[in-house]
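Quick one: the structure is below, questions incoming.
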Amino acid sequence: MGNLEVLTESYANLSLAEGLKRLSSEFPGKVVFTTSFGLEDQAITHAILSEQIPIRIATLDTGRLFQETYDVWQKTNIRYGAKIEAFYPKTKEIESYVNQNGPNAFYDSQELRKECCRIRKLVPLDSILNGMEVWVTGLRKDQSGFRTEMSLFESDPSRNLIKYQPLLHWSFEETWKYIREQNVPYNVLHDKGFPSIGCAPCTRAIEPGEDFRAGRWWWEQESKKECGLHWVDGKLTPKKGQ
């Protein structure tokens, strides 16, 4: 049995807070959680901050977020007395992209959309993850069909770290239940048909019966509804055995 399988088995029955506490003790100073202030991320943020678990919390401010996202960010800082770290795209890269392609070029082609995601998300993410050993994420299996094969712990060899998804087996309803019971601040766009919230130009509310991530990059009919943050070698998760 490999190390990741051992970790997955040993953490399988731990609560959200228990898993995060154990992780912080086994990888002291080397764990970071990235939040986009969605429902799942707010649940993890609450567990970390309310239990005072020594795990860094950072976010990617792409410069194109909803005002409602900034609002819940501010409410979260106030509620927990926290200062969530913010990381930003490189100014020169944004200037070059917009000057060459226009401010809304991501609608023109998938190539330009992915380049926008790379500049605004992937490059700043590298700064967040630099020197870390474990990356905590809010991914859940039922968020999309491409996430159903994920494990509690995954390898990210390109970044030389492992990923931990403590809410992997939670349902959307279970996540909502936790948020309400703990009175956790959440993005009010969730009340308006937005189960998944990213950049404002690239996110819309979904209709009844639509896929969880149908509101992300909705104009790309063939898109796998991912920006690239969680892809390794062209796949959402590494092949088993890697």
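Evaluate the stretch 110-133: report whether one residue or more is of a type in the set (K, R), modelled with pLDDT under 95 and either surrounded by fewer than 16 Cβ atoms within 10 Å (Cβ to Cβ) or not in a helix (DSSP H, G or I) (or both).
Within the stretch 110-133, none of the residues are of a type in the set (K, R), modelled with pLDDT under 95 and either surrounded by fewer than 16 Cβ atoms within 10 Å (Cβ to Cβ) or not in a helix (DSSP H, G or I) (or both).
I need the full set of residues from the stretch 139-186 which are crowded, with 19+ Cβ neighbours inside 10 Å, basic (K, R) and closer than 13 Å to F212 by Cβ, in order please.
R140, R147 - these are the residues of the stretch 139-186 that are crowded, with 19+ Cβ neighbours inside 10 Å, basic (K, R) and closer than 13 Å to F212 by Cβ.
Quick one: is L139 more than 24 Å from L65 (Cα to Cα), within 14 Å of the chain's Cα centre (by Cα) and hydrophobic (A, V, I, L, M, F, W, C)?
No: the conditions fail for L139.
Run R64 past the list (1) farther than 20 Å from H190 by Cα; (2) in contact (Cβ under 8 Å) with a residue 24 or more places away in the chain and report the number of the one that doesn't hold.
Going through the list (1) farther than 20 Å from H190 by Cα; (2) in contact (Cβ under 8 Å) with a residue 24 or more places away in the chain, R64 breaks only (1).
Could you please tell me which pairs satisfy a Cβ distance under 8 Å, a separation of 6+ or placement on different chains, a first residue in the stretch 3-20 that is under 21 Å from P157 (Cβ atoms), and a second residue that is part of a helix (DSSP H, G or I) and open to solvent by 20 Å² or more (accessible area, probe 1.4 Å)?
Matching pairs, first to second residue: Y11/R22.
Then there is this: If you take the residues in the stretch 55-107 that are small (G, A, S) and under 21 Å from A43 (Cβ atoms), which one is most open to solvent (accessible area, probe 1.4 Å)? If you could, list the steps in order and put the result at the bottom.
Step one: of the stretch 55-107, the residues small (G, A, S) are 58, 63, 81-82, 86, 96, 102, 105.
Now narrow it down to the ones that are under 21 Å from A43 (Cβ atoms): 58, 81-82, 86.
Working: A58: 0, G81: 71, A82: 18, A86: 40 Å².
Looking at the filtered set, the residue picked out is G81.
Of all the residues that make up the stretch 187-213, how many are in contact (Cβ under 8 Å) with a residue 60 or more places away in the chain and either assigned to a loop (DSSP other than H, G, I, E, B) or open to solvent by 40 Å² or more (accessible area, probe 1.4 Å) (or both)?
Counting residues in the stretch 187-213 that are in contact (Cβ under 8 Å) with a residue 60 or more places away in the chain and either assigned to a loop (DSSP other than H, G, I, E, B) or open to solvent by 40 Å² or more (accessible area, probe 1.4 Å) (or both) gives 9.
Just to be sure I understand, how many residues within the stretch 1-29 are small (G, A, S), within 22 Å of the chain's Cα centre (by Cα) and open to solvent by 40 Å² or more (accessible area, probe 1.4 Å)?
3
Does the stretch 39-53 contain any residue that is acidic (D, E) and in contact with a Gly (Cβ under 8 Å, 6 or more places away or on another chain)?
Yes, the stretch 39-53 contains at least one residue that is acidic (D, E) and in contact with a Gly (Cβ under 8 Å, 6 or more places away or on another chain).
Right, here's the next one. Could you list, in sequence order, the residues of the stretch 167-178 that are part of a helix (DSSP H, G or I) and either of a type in the set (K, R) or touching a Leu at 6+ places or on another chain (Cβ under 6 Å) (or both)?
T175, K177, listed by residue number.
If you go through the stretch 38-54, how many residues are surrounded by fewer than 16 Cβ atoms within 10 Å (Cβ to Cβ) and of a type in the set (S, T, N, Q)?
2
Only one residue in Y88, Y107, Y80 is in contact (Cβ under 8 Å) with a residue 12 or more places away in the chain, of a type outside the set (A, V, I, L, M, F, W, C) and farther than 30 Å from L16 by Cβ, so which one is that?
It is Y107.
For the stretch 45-59, which residues satisfy the criterion of being small (G, A, S) and within 10 Å of Y80 (Cα to Cα)?
Of the stretch 45-59, the ones small (G, A, S) are 47, 50, 58.
Of everything in the stretch 45-59, just one residue is small (G, A, S) and within 10 Å of Y80 (Cα to Cα), namely S50.
In the stretch 165-221, what residues are at positive phi and over 18 Å from the mean Cα position of the chain (by Cα)?
N183, G193, G209
The values are calculated or read from the model by the stated rules, or taken from the named source; none is laboratory data. Here the structure is a predicted model, which means the values were calculated and not measured. With ideal geometry, Cβ positions are generated from the backbone for all residues, glycine too; neighbour counts draw on all protein chains shown. Each accessible area value is taken on the protein alone, full model and side chains, heavy atoms only, with ligands, DNA and RNA left out. Shrake-Rupley method; radii C 1.70, N 1.55, O 1.52, S 1.80 Å.
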